[in-house]
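Student: Let me begin by handing over the structure; questions about it come next.
The values are calculated or read from the model by the stated rules, or taken from the named source; none is laboratory data. Bear in mind that the values here come from a model prediction, so they are computed numbers and not experimental data. Here the Cβ positions follow ideal geometry from the backbone for every residue, glycine too, while neighbour counts run over all protein chains shown.
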Amino acid sequence: MKKYMGNKLAILLFVLPALAIFITFDFIPIIQVFAYSFTDWNGLTMPNFTGLKNYLDLFTDRVFYTSNRNQLIFAIVITVYQIFFATVFAITISDKKMKGRKFLRVAYFIPVILSVTVVCQLWSAILSGEGLLNKLFEAAGSGFSQNWLGDRYKAIYVIAFVNAWQWMGYQFALIVAGIKSIPADYYEAAKIDGCSNVLAHLKITIPLLAETYKFCLIISLTGGIKAFTEMNILTGGGPNKSTFTLTYMMYNAAFKKSDYGYGLAAASVMVIECMLVMLVINFIFREKNQKKEEEKSRRRRNA
Amino acid sequence: MRKEGKKSALHYIFVVFCWIYAAFSLYPLIWMLFYSFKTNQEIFVTNPFGFPWPLHYENYITAWTKYDVPLYFLNSLLVSIGTVAITIVCALLFSYATSRMVWKMKTFTRLFLGLGMFIPVQAIMIPVVKVVQKFNLMGTRWSLVFPYVAINLAFACMVYYGFFKGIPIELEEAACMDGATIYQTFFRIIEPLVRPATVTLVIYIFLNAWNEFILANVVVGSIPALKTLPLGVLFFQGEFTTDWGGMGATMVIASFPAILVYSIFSEQVENAMTIGGAVKG
Amino acid sequence: MKKRILSTLMCATVAVTSLIGCGSTETQTTTDAPAATEAPAAAETETEEKAADTTADASGDKVTLSIYTQYADDDTKVPYDYAVEQLKEAYPNVELNLIVQAQDDGQTLKTLAATGQLPDIYQASTDLINTFRESNQIMVLNDVAKSTGFLDKLYDANKDLAYAEDGNIYAFPFSGQEYVLWYYNKALFEENGLSVPETYDDLLNCIEVFKSKGITPLALFGQEGWNTAAAYDVVATRYAAGGIKALDEGTAKVTDEGYVKAAKKLEELVAAGLFQEDATTTNYDQASEKFLSGEAAMFINGQWYIEDATKALGENVDWMFYPAEDAASYEAGKAAFSGGGSASGFAVNPDSANAELAAEVAEFITEKYCEAKVMYRHNPLVALNTGKEPDSEYPAMMKKLSDTLPSVTSTTKFTWGLTNSTFNDGIQSESQGLVSGQFTADEFIEDMNDIME
């Protein structure tokens, strides 16, 4: 069996196409990004090596800290929101007794299909100073009206919510597909044991979908760290760069200030942050994986 | 059984919540449709949320006449289909090898490719275009397809990895006993089991490629015969002012195929064979 | 295959008959050849051939020049369409391939330049001119400017716009000196019994009255950094005539008394509610619609807005001199305007196969842009003396501006005319912070000072 699954030629054939495309069109450019981050390149002229200067400048830049703080908030908000709602809705529509489940399944995914511009435009109409939300609050006579998108400290939460709301459907679809691949007899067994539906899901679905959750986590956390488009459309990074992220810093430095090297230093730091997050998640889930394997084999023996 | 009465009350509230959330998710679609029939003044001041009246259908005429919609549409379609096909094949094979087959370095290789998920397109744009030029792909649709594949690969591989991990090893053991080659095992037995993932990924990658703007603008922005649909919005965005209604119309036109793709493929998730079924059978 | 032979033949003919056109056709066939041969393998045969077809047609006896410029609203579409039409007569062998400019802070153009795909003619801002000069990707147009008569037509007042710091011409500007105007809705002021504010105390009074009526005093589109920078500049020029231009050039410091006072004054006005609360997330269209529909009483924008404002509000709109600290400085300040010319204009890619022709065409288009702006956009503030008359009378606001201009002694810059990109980025975002009311004047001064060091 080991030999069967260790077929060298097959492995080579399977791995090669993906690796070739990745290395040529993604990895080589990434290496250049790192290399140029140590230079004063402006995108056009010959770069001069400047050592760690860009990085030292970056670490003393006020915006660098705002950006990191924003990314952290963004990542946490979208992860919690998306994983919670995606799980709840996925379990709901996987229940064959739920009426209109096919319709719901399409509905939850709709925001993902729409272009970011449309979604942001809608939300900025809702959230603007005289927007729908503030009018609702005024009509209700509460003084909760806010400058939702223009607040130096709070705007980032609002933008994170918009992003979380739009992309929740992604995680939802992934979890639905995951549930689909769980053998139905697991649930039957649970029912015989007298578990309620919710309990059955807590005990079976979520542990069995550990791998699915792992990549959902990676997607939303790194998505938060990489965030750019929503800020660009909703606030333009403002007021005064208080909704910047590292990608925004990169964009601003490279294209507005023609300081490519500096921008790429910001991008490099971001890539390293993302990699760390991925490694940490992999590490955490490795323990659980082993446990799961054990449980699986035990279950199998019992059956 | 004993909780039955209590549960149904809670259940009822929950179902209502699900439907409200769904309405909330569908609303932007309707909003976009309304929006595409409005003028800037209606959008920003007089009527941001209501039904558009009078209908400014001329937005659609502008959208249709400003650029060659059918051609851009065809280009987008070809590029998106090409991207989806190549990405799916590469990712399927790669993830199978890194998740189930036995060899050294497989974890490293997997994480190495995962690197691709983290880099923003803006940062690698110049080097990517240079690579495309080196391979003499400029002026062909491959100039978009390959970079798109590279960008989507990491994500697709990660999703597949998760799904492959959940398949019991007995399947391959049995196939091996029956004398199937590794290729037969993969294509006949394993691949059908991850169909739900494949279908989900088809939708994602298609949407990514369909909506991509930044790279498309740089690579094919100067070649009229190859321009893709997202580039159409450029005709509405001035330095100072934007024709939001016309842009809305463009986006409505661009959204239809995406919705269609989702409706068709999400049905496939439902019909896909389950691992449970395969093990039993 | 037949088609390819045909197109090669055609190219050969062109090379013999037309000395000007040969360069582009040659390069086109070489770059197209791989595309055409790869097509069958690409399983996209049909459309690939179509693509090759069109270029073959174009290379008949024509030269195709690519041009990267704005083409979205009337102010950019009307001149372009007019120029293309005129070009057909003057240069029947030239065809333009329009690449619409993306509103992306030069991201696209810089990437095209970095990868050697710069269009033959492109619209370049001051910042781009400076960047491309370093990498030799912008053509020196001194000779063409002379031979085509561009220099003779250039208004004296705009001479400094054409020349870069090193004394060369790199782009043909079509806009002349431009000005930041403080527009106001006459009807709204009259209805509320207010006269045009001359001092900041008057202005504060207006703010109070408008706010009590639920009218936004001044609709700012603060999502765009240039508008907030202009808002700071109109205040700063009341205290130091050099405004942001002097800061950009380093002849003044932000810690100078005038600039500090201006920041404090703007902070005070913001706190009083001069701008709408969500000013920093408002885009141009939102703010403009607010003003045009009478929901806002004032608006700050360039003089190019006269045409649109008059169309929507007719008699009810006018512009005012910027308010100042007291009556004396108000009068004195009438001669100091915010805004100014910029060197932005049509530039040429020196590596273009038809660089010489492209330069001529760029000059021609520039002239036609000026003509169209005068004739159809009622904007006489263009770079060149076109000798054309508008198709109808100038709007009242434009007349008032032309009457005022002779007495204007000092102008500043729009952000796109600034030369120091670090300062430019800094003033845009820091002034936005000031306008949001969440950053203090002291923070503004301190941060700007840091940025300049």
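Student: How many of the residues in the stretch B:97-134 are under 20 Å from the mean Cα position of the chain (by Cα), facing chain A (nearest Cβ under 7 Å) and touching a residue at least 40 places away in the same chain (Cβ under 8 Å)?
Tutor: 4
Student: Exactly one of (1) of a type in the set (A, V, I, L, M, F, W, C); (2) within 25 Å of the chain's Cα centre (by Cα); (3) over 30 Å from C:G225 (Cα atoms) is unmet by B:V219. Its number?
Tutor: (3)
Student: Would you call B:G179 at the interface with chain A (Cβ under 7 Å from one of its Cβ atoms) and more than 20 Å from B:G82 (Cβ to Cβ)?
Tutor: On the way: at the interface with chain A (Cβ under 7 Å from one of its Cβ atoms): no; more than 20 Å from B:G82 (Cβ to Cβ): yes.
Spelling it out, it is not the case that B:G179 is at the interface with chain A (Cβ under 7 Å from one of its Cβ atoms) and more than 20 Å from B:G82 (Cβ to Cβ).
Student: A follow-up question, please. In this structure, is B:L144 without any contact (Cβ under 8 Å) to a residue 12 or more places away in the chain and farther than 21 Å from A:N7 by Cα?
Tutor: Working: without any contact (Cβ under 8 Å) to a residue 12 or more places away in the chain: no; farther than 21 Å from A:N7 by Cα: yes.
Considered against the rule, which asks whether it is without any contact (Cβ under 8 Å) to a residue 12 or more places away in the chain and farther than 21 Å from A:N7 by Cα, B:L144 comes out as no.
Student: Quick check on my filter: what residues within the stretch B:23-43 are assigned to a helix (DSSP H, G or I), of a type in the set (F, W, Y) and either touching a residue at least 60 places away in the same chain (Cβ under 8 Å) or under 26 Å from A:F89 (Cα atoms) (or both)? Give the derivation first.
Tutor: We begin by selecting, within the stretch B:23-43, every residue assigned to a helix (DSSP H, G or I); these are B:23-35, B:40-43.
Okay, now just the ones that are also of a type in the set (F, W, Y), so B:24, B:27, B:31, B:34-35.
Correct list: B:F24, B:Y27, B:W31, B:Y35.
Student: Please report, ordered by residue number, the helices (runs of 4 or more DSSP H) entirely within the stretch C:186-265 with at least 2 residues that are within 14 Å of C:M298 (Cα to Cα) and in contact with a helix residue (DSSP H, G or I) (Cβ under 6 Å, 6 or more places away or on another chain).
Tutor: Details: elements: C:186-191, C:200-212, C:225-239, C:243-249.
Per the criteria, C:186-191, C:200-212.
Student: Step by step: first the residues of the stretch B:183-200, then only those that are more than 9 Å from chain A (Cβ to nearest Cβ) and of a type in the set (A, V, I, L, M, F, W, C), then the one that is farthest from B:A156 (Cα to Cα). Which residue is that?
Tutor: Filtering the stretch B:183-200 for residues that are more than 9 Å from chain A (Cβ to nearest Cβ) and of a type in the set (A, V, I, L, M, F, W, C), the one farthest from B:A156 (Cα to Cα) comes out as B:I189.
Student: Can you tell me which residue within the stretch A:81-93, out of those that are more than 10 Å from chain B (Cβ to nearest Cβ) and not aliphatic (A, V, I, L, M), is surrounded by the most Cβ atoms within 10 Å (Cβ to Cβ)?
Tutor: Result: A:Q82.
Student: Now a separate question. Looking at B:A272, B:A278, can you tell me which residue is under 24 Å from the mean Cα position of the chain (by Cα), among the small types (G, A, S) and modelled with pLDDT under 85?
Tutor: Values: B:A278 fails: under 24 Å from the mean Cα position of the chain (by Cα).
Just a single option satisfies the conditions, and that option is B:A272.
Student: Going through A:I182, A:I218 one at a time, which residue ends up being surrounded by 18 or more Cβ atoms within 10 Å (Cβ to Cβ), assigned to a loop (DSSP other than H, G, I, E, B) and within 9 Å of chain B (Cβ to nearest Cβ)? Spell out how you get there, then give the answer.
Tutor: Numbers: A:I218 fails: assigned to a loop (DSSP other than H, G, I, E, B).
So the residue among A:I182, A:I218 that is surrounded by 18 or more Cβ atoms within 10 Å (Cβ to Cβ), assigned to a loop (DSSP other than H, G, I, E, B) and within 9 Å of chain B (Cβ to nearest Cβ) is A:I182.
Student: If A:S37 meets every condition in (1) under 30 Å from B:P196 (Cβ atoms); (2) surrounded by 18 or more Cβ atoms within 10 Å (Cβ to Cβ) apart from one, which number is that one?
Tutor: Checking A:S37 against (1) under 30 Å from B:P196 (Cβ atoms); (2) surrounded by 18 or more Cβ atoms within 10 Å (Cβ to Cβ), the one that fails is (1).
Student: Here's something else I'd like to know. Of B:F94, B:F73, B:F49, which residue is outside any helix (DSSP H, G or I) and either within 29 Å of the chain's Cα centre (by Cα) or surrounded by fewer than 17 Cβ atoms within 10 Å (Cβ to Cβ) (or both)?
Tutor: Working: B:F94 fails: outside any helix (DSSP H, G or I); B:F73 fails: outside any helix (DSSP H, G or I).
Step by step, each of B:F94, B:F73, B:F49 is checked, and only B:F49 is outside any helix (DSSP H, G or I) and either within 29 Å of the chain's Cα centre (by Cα) or surrounded by fewer than 17 Cβ atoms within 10 Å (Cβ to Cβ) (or both).
Student: Which of (1) of a type in the set (S, T, N, Q); (2) within 28 Å of B:L207 (Cα to Cα); (3) exposed (fewer than 15 other Cβ atoms within 10 Å of the Cβ) does B:T107 not meet, given it meets every other one?
Tutor: (2)
Student: Which of the following residues is assigned to a helix (DSSP H, G or I) and of a type outside the set (F, W, Y): A:L19, A:L44?
Tutor: Only one candidate qualifies: A:L19.
Student: So A:F161 clears everything in (1) under 30 Å from B:I253 (Cβ atoms); (2) surrounded by fewer than 22 Cβ atoms within 10 Å (Cβ to Cβ); (3) modelled with pLDDT under 90 except one condition, right? Which one?
Tutor: All conditions pass for A:F161, except number (3).
Student: Which residues, counting only those in the stretch B:135-167, are over 21 Å from B:T200 (Cβ atoms) and either small (G, A, S) or facing another protein chain (nearest Cβ under 9 Å) (or both)?
Tutor: Within the stretch B:135-167, B:F135, B:N136, B:L137, B:M138, B:G139, B:T140, B:R141, B:W142, B:S143, B:F146, B:P147 qualify.
Student: Something else about it: Checking the structure you have, find out if any residue of the stretch C:320-332 is within 14 Å of chain A (Cβ to nearest Cβ) and either under 21 Å from C:K211 (Cα atoms) or under 22 Å from the mean Cα position of the chain (by Cα) (or both). Working first, answer last.
Tutor: Applying the first criterion (within 14 Å of chain A (Cβ to nearest Cβ)) to the stretch C:320-332 yields none.
No, that holds for no residue.
Student: Separate question: Just one of A:I83, A:I76, A:I91, A:I28 is without any contact (Cβ under 8 Å) to a residue 12 or more places away in the chain and among the aliphatic types (A, V, I, L, M); which is it?
Tutor: Values: A:I83 fails: without any contact (Cβ under 8 Å) to a residue 12 or more places away in the chain; A:I76 fails: without any contact (Cβ under 8 Å) to a residue 12 or more places away in the chain; A:I91 fails: without any contact (Cβ under 8 Å) to a residue 12 or more places away in the chain.
One residue alone meets the criteria, A:I28.
Student: Can you confirm whether the stretch C:111-121 contains a residue that is surrounded by fewer than 22 Cβ atoms within 10 Å (Cβ to Cβ), assigned to a helix (DSSP H, G or I) and either within 14 Å of chain A (Cβ to nearest Cβ) or in contact with a helix residue (DSSP H, G or I) (Cβ under 9 Å, 6 or more places away or on another chain) (or both)?
Tutor: no
Student: Touching a Cys at 6+ places or on another chain (Cβ under 9 Å) and assigned to a helix (DSSP H, G or I): does that describe A:E211?
Tutor: Taking the combined requirement at face value, the residue does not satisfy it.
Student: From the residues in the stretch C:293-311 that are more than 25 Å from C:Q177 (Cα to Cα) and not polar (S, T, N, Q), which one is nearest to the other protein chains (Cβ to nearest Cβ)?
Tutor: Pass one, the stretch C:293-311, residues more than 25 Å from C:Q177 (Cα to Cα): C:293-297.
From what's left, not polar (S, T, N, Q): C:294-297.
Working: C:G294: 9, C:E295: 6, C:A296: 10, C:A297: 15 Å.
Once the filter is applied, the top-ranked residue is C:E295.
Student: Just need a number here: residues in the stretch A:118-127 that are more than 7 Å from every other protein chain (Cβ to nearest Cβ) and among the β-branched types (V, I, T).
Tutor: So the answer is 1.
Student: Continuing with the same structure: If I filter the stretch C:309-327 for residues that are buried (at least 17 other Cβ atoms within 10 Å of the Cβ), under 30 Å from C:V84 (Cα atoms) and modelled with pLDDT under 95, do I get at least one hit?
Tutor: yes
Student: From the list C:L434, C:L401, C:L357, C:L418, exactly one residue is within 30 Å of A:F244 (Cα to Cα) and either modelled with pLDDT of 90 or more or more than 22 Å from the chain's Cα centre (by Cα) (or both). Which is it? Steps first, answer last, please.
Tutor: Values: C:L401 fails: within 30 Å of A:F244 (Cα to Cα); C:L357 fails: within 30 Å of A:F244 (Cα to Cα); C:L418 fails: either modelled with pLDDT of 90 or more or more than 22 Å from the chain's Cα centre (by Cα) (or both).
None of the other options fit; the residue is C:L434.
Student: Output the residues belonging to the stretch B:213-222 that are surrounded by 22 or more Cβ atoms within 10 Å (Cβ to Cβ) and touching a residue at least 60 places away in the same chain (Cβ under 8 Å).
Tutor: If the condition is that a residue be surrounded by 22 or more Cβ atoms within 10 Å (Cβ to Cβ) and touching a residue at least 60 places away in the same chain (Cβ under 8 Å), then B:L215, B:A216, B:V218, B:V219, B:V220 are the ones that fit.
Student: Now a separate question. Would you check which residues across the stretch B:52-70 are in a helix (DSSP H, G or I), of a type in the set (D, E, K, R) and more than 10 Å from chain C (Cβ to nearest Cβ) and list them? I'd like the intermediate steps shown before the answer.
Tutor: First pass over the stretch B:52-70, keeping only residues in a helix (DSSP H, G or I): B:58-66, B:69-70.
Checking which are of a type in the set (D, E, K, R) leaves us with B:58, B:66.
B:E58 - this is the single residue of the stretch B:52-70 that is in a helix (DSSP H, G or I), of a type in the set (D, E, K, R) and more than 10 Å from chain C (Cβ to nearest Cβ).
Student: Is the stretch A:19-27 home to any residue that is buried (at least 22 other Cβ atoms within 10 Å of the Cβ), more than 10 Å from chain B (Cβ to nearest Cβ) and in contact with a Gly (Cβ under 8 Å, 6 or more places away or on another chain)?
Tutor: Taking every residue of the stretch A:19-27 in turn, none turns out to be buried (at least 22 other Cβ atoms within 10 Å of the Cβ), more than 10 Å from chain B (Cβ to nearest Cβ) and in contact with a Gly (Cβ under 8 Å, 6 or more places away or on another chain).
Student: Separate question: For the stretch C:288-330, give me each residue that is of a type in the set (D, E), closer than 14 Å to C:M398 by Cα and not in a strand (DSSP E or B).
Tutor: Start the filter on the stretch C:288-330 by keeping residues that are of a type in the set (D, E), which leaves C:289, C:295, C:307-308, C:315, C:318, C:325-326.
Okay, now just the ones that are also closer than 14 Å to C:M398 by Cα, so C:307-308, C:315, C:318.
Across the stretch C:288-330, the qualifying residues are C:E307, C:D308, C:E315.
Student: Now for a different question. Mind listing just one residue for me: the one in the stretch B:222-264 that is away from chain C (no Cβ under 14 Å) and within 14 Å of B:I61 (Cα to Cα) and, of those, farthest from the chain's Cα centre (by Cα)?
Tutor: B:A249
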